[in-house]
Amino acid sequence: MRRTPLELAAIATAAVPGLAPTAAAYSPDDDADFDSALLLDAEGKRWRVRSPRHPEASTRLETEFMVLRAFAPAIRAELPFHVPTIAGTVRQGSLTTFVYAHLQGSTLSIEELSAGSSALAREVGTALAAIHDLPLPLVINADLPSYSANEFRQRKLNELDQAATTGKIPATLLRRWEHALEDVALWRFNPSVVHGDLHEDNLMVQDDTVTALTGWTDLRIGDPADDFAWLVASNEASFVESVLSHYTHTRRDVPDAHLLRRAALLAEFALAQYLVKAMAAGHQSMTAEAEAMLQTLADDIDEQVRRDEEATRTAEQEAALLTVSASPAGIPAVSVAAIPTEDESEKSEEADADDTSTAAISVVSVTPLRPAERS
C-alpha cells in the first residue's frame with residue numbers, strides 16, 4: 001500500500017528527533033520501489049523522505065547509506081555537485097525509511113533537460129566525468145560490485161539469455177543484441193566508477209547548474225556507458241553530443257570511441273530488463289507495455305535497415321553511372337592496384353577482422369523508460 005506524503009512526514013519525525021514538518025509534497029522517485037516526499041519545517045528547512053516498498057528496495061537504501069558514508073569530506077569537496085546527507089533512519093519491520101537533508105535545486109524532465117542551454121549540457125557532462133573519475137578504492141573498500149570489461153559483457157550476455165527465455169523478445173532484437181555483445185572490439189573500455197542508476201529524477205538543477213546528484217543505490221565499477229544510456233534514450237542527438245563533448249574534455253581518462261554505441265545498446269536492452277522484471281512480478285499491464293515497446297523498437301530497426309539498404313543501392317547505382325559516363329565510349333572503366341606483398345595482405349586481413357565494432361549497433365530511437373521502470 002502506497003504511503004501518502006503526510007504519512008511519510010509522520011515517519012520522518014520518528015527518524016529525526018525534533019523535526020516538525022509544516023508541509024509535505026510528493027517527490028519523484030522510482031515509484032515501483034519507493035514512496036518519497038519532500039518536507040518543509042517551521043524554520044524553512046527542507047527534507048526528503050524515502051521509504052522502501054519491499055525488502056529489496058530497503059537493501060538498496062542501506063547500500064546507499066554505506067556509499068554515502070564512503071564519501072569522505074575530501075572527496076565531497078572535489079566533486080562539482082553535492083551528494084546527499086542522511087539525517088536519520090527508522091526501521092519498521094524489515095524495511096528502513098531514510099530521511100535526508102534536502103539538497104538545493106529541483107528535477108527537470110528529460111525534455112526540459114534536452115531543450116536546455118549549452119551551459120546545462122556542459123554541467124551534465126562535467127558531472128558525469130566527475131563520477132567516472134572517482135577513485136576505484138571508493139567502491140572496492142565498500143565491498144560493492146566491480147566488473148572488468150569482459151565480465152560486464154558476459155553479464156549482459158547472461159541477462160540476454162534470461163530475456164530470450166521469455167519468448168517475447170522480437171527476433172530482430174535478439175539478433176541485433178547478440179551480434180553487438182559478441183563484438184569484442186565494442187567492449188574494450190577502461191572500467192570506472194559508475195553511478196548505475198542515473199536518470200533525470202536523480203539530477204538536481206538550478207539556474208543551468210547541476211547542484212546535486214541523488215540515488216546512489218547502485219554505485220559500482222563497470223562500464224561508463226551505463227550512465228549515458230538514459231541520455232541516449234532521450235533521442236536528442238545534439239544535446240547528447242554536447243554532453244559527450246564536455247565529458248570527453250573534462251575526464252582524466254581518455255573515453256573510448258564506442259561509448260555512445262554501447263549506451264544505445266544498454267538503452268535498448270533496458271526494455272528487455274523491464275519485461276523480465278514485469279513478468280517476474282506478475283504485472284500483466286507492465287508486461288503488455290514492455291512487449292509493445294519492444295515491438296516498436298524492432299519495427300524501427302527493421303525500417304532503419306531497409307532505408308540503409310536502399311541508400312546503399314542508390315549510391316552504388318549513382319557511382320556506376322558516374323563511372324560509365326567518365327569512361328571512353330565502348331571501353332569499360334577499370335582500376336589497377338599493386339598486388340600487395342604477403343605481409344601487407346596479412347595486415348589487411350587482420351584490419352578487416354577487427355573493423356566490425358562500428359557496424360555492431362547503430363543508434364535508433366528508443367522509447368524512454370520512466371524512472372520507475374529502470375530499476
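Every residue in the range 78-107 that is part of a loop (DSSP other than H, G, I, E, B) and modelled with pLDDT of 90 or more, please.
Narrowing the range 78-107 to residues part of a loop (DSSP other than H, G, I, E, B): 79-81, 83-84, 93-94, 102-105, 107.
Answer for the range 78-107, where residues must be part of a loop (DSSP other than H, G, I, E, B) and modelled with pLDDT of 90 or more: LEU79, PRO80, PHE81, VAL83, PRO84.
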Right, LEU231: within 17 Å of the chain's Cα centre (by Cα) and farther than 16 Å from ARG122 by Cα or not?
-> no
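What do you reckon, is ARG176 open to solvent by less than 60 Å² (accessible area, probe 1.4 Å) and of a type in the set (Lys, Arg)?
Details: open to solvent by less than 60 Å² (accessible area, probe 1.4 Å): yes; of a type in the set (Lys, Arg): yes.
Yes.
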Counting only residues in the range 1-25 that are more than 14 Å from VAL99 (Cα to Cα) and among the hydroxyl-bearing types (Ser, Thr, Tyr), the one least open to solvent (accessible area, probe 1.4 Å) is identified as THR4
Any residue at all in the range 169-192 that is at pLDDT 95 or above, under 19 Å from the mean Cα position of the chain (by Cα) and closer than 21 Å to ALA72 by Cα?
-> yes
Considering each residue of the range 206-220, count those that are touching a Leu at 6+ places or on another chain (Cβ under 9 Å), part of a strand (DSSP E or B) and open to solvent by 10 Å² or more (accessible area, probe 1.4 Å), and give that number.
-> 3
THR323 fails exactly one of the following numbered conditions: (1) at pLDDT 85 or above; (2) over 30 Å from ALA121 (Cβ atoms). What is the number of that condition?
-> (1)
Pairs, first over 27 Å from ALA149 (Cβ atoms) and in contact (Cβ under 8 Å) with a residue 40 or more places away in the chain in the range 208-237, second assigned to a helix (DSSP H, G or I) and among the small types (Gly, Ala, Ser), C-beta under 7 Å, six or more apart | ASP208/ALA119; VAL210/ALA127; GLU236/SER114
Kindly list the number of the only condition in (1) closer than 18 Å to LEU68 by Cβ; (2) among the aliphatic types (A, V, I, L, M); (3) open to solvent by 10 Å² or more (accessible area, probe 1.4 Å) that fails for ALA229.
-> (1)
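Within the range 8-59, track down each residue that is assigned to a helix (DSSP H, G or I) and without any contact (Cβ under 8 Å) to a residue 24 or more places away in the chain. If you could, list the steps in order and put the result at the bottom.
Taking the range 8-59 first, the residues assigned to a helix (DSSP H, G or I) are 8-15, 55-59.
Once the filter is applied, which keeps residues that are assigned to a helix (DSSP H, G or I) and without any contact (Cβ under 8 Å) to a residue 24 or more places away in the chain, the range 8-59 yields ALA10, THR13, GLU56, THR59.
I'd like to check which helices (runs of 4 or more DSSP H) are fully inside the range 117-164 and have at least 3 residues that are open to solvent by less than 50 Å² (accessible area, probe 1.4 Å) and closer than 18 Å to SER192 by Cβ.
Correct list: 118-132, 149-164.
Can you work out which of the residues in the range 260-309 that are acidic (Asp, Glu) and out of contact with any Phe, Trp or Tyr (no Cβ under 9 Å at 6 or more places or on another chain) is most open to solvent (accessible area, probe 1.4 Å)? Explain how you work it out, then say what you get.
In the first step, residues of the range 260-309 are kept if they are acidic (Asp, Glu); the result is 268, 289, 291, 299-300, 302-303, 308-309.
Going one step further and asking which of them are out of contact with any Phe, Trp or Tyr (no Cβ under 9 Å at 6 or more places or on another chain), we end up with 291, 299-300, 302-303, 308-309.
On the way: GLU291: 69, ASP299: 81, ASP300: 64, ASP302: 75, GLU303: 67, ASP308: 77, GLU309: 97 Å².
Top of the filtered list is GLU309.
The values are calculated or read from the model by the stated rules, or taken from the named source; none is laboratory data. Quick caveat: nothing in here was measured; it's all calculated off a predicted structure. Ideal geometry is used to build each Cβ from the backbone, glycine not excepted, and the neighbour counts take in all protein chains shown. Areas reflect the complete protein model, heavy atoms only, side chains present, ligands, DNA and RNA absent. Shrake-Rupley method; radii C 1.70, N 1.55, O 1.52, S 1.80 Å.
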